[in-house]
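Chemist: What follows is a structure written as structure tokens; I'll ask about it next.
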């Protein structure tokens with residue numbers, strides 16, 4: 001599996017709503033007891049593990065959200081994206097309430113700028129998207145200010161719940177559940 005969590009690098013973006021993809025990939029790496037490393041001249045951090053017949057490479061792009069697709073300029077990652085049986089991308093979604101997730105196979109072109117950047121680099125590659133709900137901005141708050149805001153006390157637990165559900169969905173896919181089984185389990189669920 002190639003797992004890509006979208007977000008923005010740097011301490012100023014930690015725990016922002018736009019970085020839920022990074023948070024989910026951190027949970028996955030911690031569960032598998034692997035560490036992220038950045039190799040020279042790479043546009044991403046990676047953690048990887050091979051177990052019996054299972055392999056996972058976890059990627060966090062360091063290109064900032066709107067340029068996430070630039071990681072595929074590296075030939076080996078581009079080739080890997082085409083040879084892995086599953087490519088899974090985790091990112092935020094404003095159309096879902098905090099605490100909700102949605103899992104789907106890539107369909108029509110995305111309005112999410114990180115996904116659009118990836119689509120522009122990898123063309124028709126088939127992949128799974130795990131969306132983590134962050135809710136819509138409040139009246140008077142711009143989309144940019146919303147996605148780059150830190151979680152508030154009001155939504156912190158719901159955001160954590162969404163990240164945990166997304167982690168569990170990715171783990172289930174990694175451990176061999178089908179996309180349909182995972183969708184049935186998680187899509188549309190708001191509370192445990």
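Readers should treat all values here as calculations from the given coordinates under stated rules, not as data from a laboratory. Since the structure is predicted, the reported quantities are computational estimates derived from the model, not experimental observations. Please note: Cβ atoms are built from the backbone with ideal geometry, for glycine as well, and neighbour counts cover all protein chains shown.
Chemist: With springs only between Cα atoms under 10 Å, which of 110, 81, 68 fluctuates most in a Gaussian network model of the chain?
Modeler: Largest GNM mean-square fluctuation: 110.
Chemist: Could you tell me whether the range 1-105 comes out rounded, prolate or oblate from its Cα gyration tensor? Rule is a ≥ b ≥ c as square roots of the eigenvalues, rounded for a/c under 1.5, then prolate if a/b exceeds b/c, otherwise oblate.
Modeler: It comes out rounded by the Cα gyration axes.
Chemist: Let me ask another. Counting other C-beta atoms within 10 Å, which of 90, 144 has the fewest, and how do the rest follow?
Modeler: Fewest-to-most Cβ neighbours within 10 Å comes out as 144, 90.
Chemist: When all C-alpha to C-alpha distances in the range 2-186 are sorted into bins of 10 Å, what percent of pairs does each bin hold, rounded to whole numbers?
Modeler: Pair shares across the bins are 9, 40, 38, 11, 1, 0.
Chemist: Anyone know which of 73, 150, 165 comes out most mobile in the 10 Å Cα GNM of the chain?
Modeler: Evaluated over the chain, the most mobile residue of the options is 73.
Chemist: Please arrange 24, 143 by counting, for each residue, the other beta carbons lying within 10 Å of its beta carbon, fewest first.
Modeler: 143, 24
Chemist: Could you please rank 94, 161, 28, placing first whichever residue has the fewest other Cβ atoms within 10 Å of its Cβ? Each step should come with its number before you reach the end.
Modeler: Values: 94 17, 161 21, 28 24.
The order, fewest Cβ neighbours first, is 94, 161, 28.
Chemist: Ok, one more. Report the gain in length on full extension from residue 84 to residue 32: 0.36 nm times residue separation, minus Cα-Cα distance, nm rounded to one decimal.
Modeler: Here the answer is 16.9 nm.
Chemist: Where the centroid of each part is defined by its Cα atoms, how far is the range 93-152 from the range 160-180 in Å?
Modeler: 17 Å
Chemist: Something else now. Would you work out if the range 51-122 is rounded, prolate or oblate? Take a ≥ b ≥ c from the square roots of the eigenvalues of the alpha-carbon gyration tensor; rounded if a/c is under 1.5, else prolate when a/b is larger than b/c, oblate otherwise.
Modeler: Here the range 51-122 falls in the oblate category.
Chemist: Now for a separate question. Using the basic label-point model (7 angstrom from Cα toward the beta carbon), what is the residue 141 to residue 15 distance in nanometres?
Modeler: The two pseudo-label positions are separated by 1.6 nm.
Chemist: If each residue of separation counts as 0.36 nm, what is the full-extension length gain between residue 154 and residue 48 once their alpha-carbon separation is subtracted?
Modeler: Stretched out fully, the residue 154 to residue 48 stretch lengthens by 34.7 nm.
Chemist: Running a GNM on the chain with Cα contacts under 10 Å, which residue among 66, 155, 53 ends up with the highest mean-square fluctuation?
Modeler: The residue with the greatest mean-square fluctuation here is 53.
Chemist: On to the next question. Taking the C-alpha atoms of the range 104-166, how large are the radius of gyration and the largest Cα-Cα span, Dmax, in Å?
Modeler: For the range 104-166, the Cα radius of gyration and maximum Cα-Cα distance read 14.2, 40 Å.
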